[in-house]
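See below for the structure under consideration.
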Amino acid sequence: MKSFFLFLAVLVLPHSVAVTPSLANEKSITIGDVAKVVGAPVKLVPRDACEGAGGDLNFALKEDGRLILMVRFLDGDKFKPLASDKNSYKAPVKGVGDEAFSGPLTDPQYILILRKGKQTVSLSTYFNTTGPVKEPLLTTAQLAELGRVIASRL
């Protein structure tokens, strides 16, 4: 359990520890990229503009403003501790960056962590809380597709 909290702590690092968001980060994945994978119009939400928008890039459905994707850009040295955490690591995801995995260990998976060169990127989706079953809004396959887009531009 302690290692799972380490996993979460790394994902919500203070702004000064994470790689500073930049125009380069915004170019690594666009509104159009996310809309294509999601199949609906989306918008970019500034960090801390609403509850849950804690990523370097936050995407929401244009129709209702519901957050669907948070992207964090971290230093490359964050990948190995996350990947070695048995509570965080569910399965490798092939074909995304130099290496990638889905998490957390328990179902359902809603996080994809990838490393490309000296950059680690975390993609997290949010949960549908309106229905009887609480499911991630994006699948692991969709997160992987978005991860491939980001990795191709790093």
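Given a Förster radius of 35 Å and the C-beta distance between A40 and D75 as r, what FRET efficiency does 1/(1 + (r/R0)^6) yield to the nearest 0.05? Write down the numbers at each step before the final one.
On the way: r = 33 Å, r/R0 = 0.93.
After rounding to 0.05, the efficiency reads 0.60.
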Label model pair E135, K118: point-to-point distance (7 angstrom along the Cα→beta-carbon line) in nm is 4.2 nm
Restricting to lysines and to Cα separations under 24 Å from K118, and discarding same-chain partners fewer than 8 apart, the set is K27, K78, K80, K86, K90, K94
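Given the C-alpha atoms of the range 79-154, compute the convex hull and give its volume per residue in Å³.
On the way: hull volume 5.9 nm³, N = 76.
Spelled out: Cα convex hull of the range 79-154, divided by residues, is 78 Å³.
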Order by protection proxy (mean Cβ within 10 Å, highest first), peptides 122-130, 43-51 | 122-130, 43-51
To the nearest 0.05, the calculated FRET efficiency linking L105 and C50 through their beta-carbon distance, R0 being 41 Å, is 0.90
For the residue pair S84 and K27, what label-to-label distance in nm results when each label sits 7 Å from Cα along the Cα-to-beta-carbon direction?
-> 3.5 nm
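Read the figures in this text as sums done on the coordinates, not as results from a lab. Small disclaimer: the values here were computed from a predicted structure and weren't measured. Ideal geometry is used to build each Cβ from the backbone, glycine not excepted, and the neighbour counts take in all protein chains shown.
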